Amino acid sequence: MDIIYIPTKYKLKEIKNLDELKKYLPKKFALISLIQYYEYTKKIYEILKKDYEIILNEKLYGINVLGCYSEPANIKDVDTVLLIGNGKFHAENITRKLKKKVIVYDPIYGEINIYEPDYNFDRILKFLLNKLKNSNNIGIILSIKPGQYYYLEALKVKDKLEKAGKNVYLFIGDTIDILQLLNFPYIDFWIFSACPRLIDDIINNNINGITIDILIKNLDKIINI
């Protein structure tokens, strides 16, 4: 079955609370957008560029962030990012991975939310990776959802862990239900080969686990395999 992705655009009659936004902006910042607000992001850029140095780092989707993709915010020597959008999903991704301050401006309601760089996130990951190092029975949960299917990566991780003397069990499914983990009490530690933002569920539910994208980056360094 062919899948066609069509971006939608939000229609706004006015740009609200922009003067209040200016109070929080440094002289230099990066500008990014959610795709549905891109047309208004361009208008905001034209207004603000007169008084600020605005960096546009156009990548695969221009300056738009999509899902866990936040490369337009990955700019050296820029500490603050202005995100035209709403919610905290994308902002948290940037504060964790890129260690930048994110100002989220919601063009619908004119709301402004500020997220500071999250250095505690790295300490939590180090703690979880150390738990993996000291675990014997490892479960790898492999999602079969399109865009979240990391079969080859899961096999590589499985092979390395087994060579390190770990017992590794592979679980495959479409939907990941955290409560179902209780049915496998012999598993000491879980590796989630699915959506990277499952790390939020892992942390919030105190699960002995990690997502595969984080593990791959730290496997050799942290657990000496």
Do any helices (runs of 4 or more DSSP H) lying entirely in segment 1-117 carry at least 3 residues that are more than 30 Å from Asn218 (Cα to Cα) and aromatic (Phe, Trp, Tyr), and which ones are they?
38-48
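Taking segment 77-102 as the search range and keeping residues that are among the β-branched types (Val, Ile, Thr) and under 16 Å from the mean Cα position of the chain (by Cα), which one is surrounded by the most Cβ atoms within 10 Å (Cβ to Cβ)?
So, considering only residues that are among the β-branched types (Val, Ile, Thr) and under 16 Å from the mean Cα position of the chain (by Cα), the one surrounded by the most Cβ atoms within 10 Å (Cβ to Cβ) is Val81.
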Can you name every residue in segment 172-193 that is surrounded by 18 or more Cβ atoms within 10 Å (Cβ to Cβ), modelled with pLDDT of 90 or more and not in a helix (DSSP H, G or I)?
Ile187, Phe189, Trp190, Ile191, Phe192, Ser193
Filtered residue count, segment 20-61, keeping only those that are at pLDDT 95 or above, β-branched (Val, Ile, Thr) and under 20 Å from the mean Cα position of the chain (by Cα):
1
Given the condition acidic (Asp, Glu), out of contact with any Leu (no Cβ under 8 Å at 6 or more places or on another chain) and either without any contact (Cβ under 8 Å) to a residue 24 or more places away in the chain or surrounded by 15 or more Cβ atoms within 10 Å (Cβ to Cβ) (or both), answer yes or no: does some residue in segment 64-74 qualify?
no
Condition (residue is more than 17 Å from the chain's Cα centre (by Cα) and in the same structural domain as Ala154 (by TED's automatic domain parsing)) applied to segment 116-127: is it met by at least one residue?
yes
Looking at (1) charged (D, E, K, R); (2) in contact (Cβ under 8 Å) with a residue 12 or more places away in the chain; (3) over 30 Å from Asp19 (Cα atoms), which is the one condition that is false for Asp177?
(2)
So which of Ile54, Ile108 ends up being in contact with a strand residue (DSSP E or B) (Cβ under 7 Å, 6 or more places away or on another chain), of a type in the set (A, V, I, L, M) and under 24 Å from Lys23 (Cα atoms)?
Ile54
Among (1) of a type in the set (Asp, Glu); (2) modelled with pLDDT of 95 or more; (3) more than 15 Å from Ile103 (Cα to Cα) - the single one Asp79 does not satisfy
(3)
Within segment 118-145, which residues are in contact with a helix residue (DSSP H, G or I) (Cβ under 6 Å, 6 or more places away or on another chain) and in a strand (DSSP E or B)?
Ile138, Ile140, Leu142
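The values are calculated or read from the model by the stated rules, or taken from the named source; none is laboratory data. Just so you know, these numbers come straight off a predicted model, no measurement behind them. Virtual Cβ from ideal backbone geometry, glycine too; neighbours counted across all protein chains shown.
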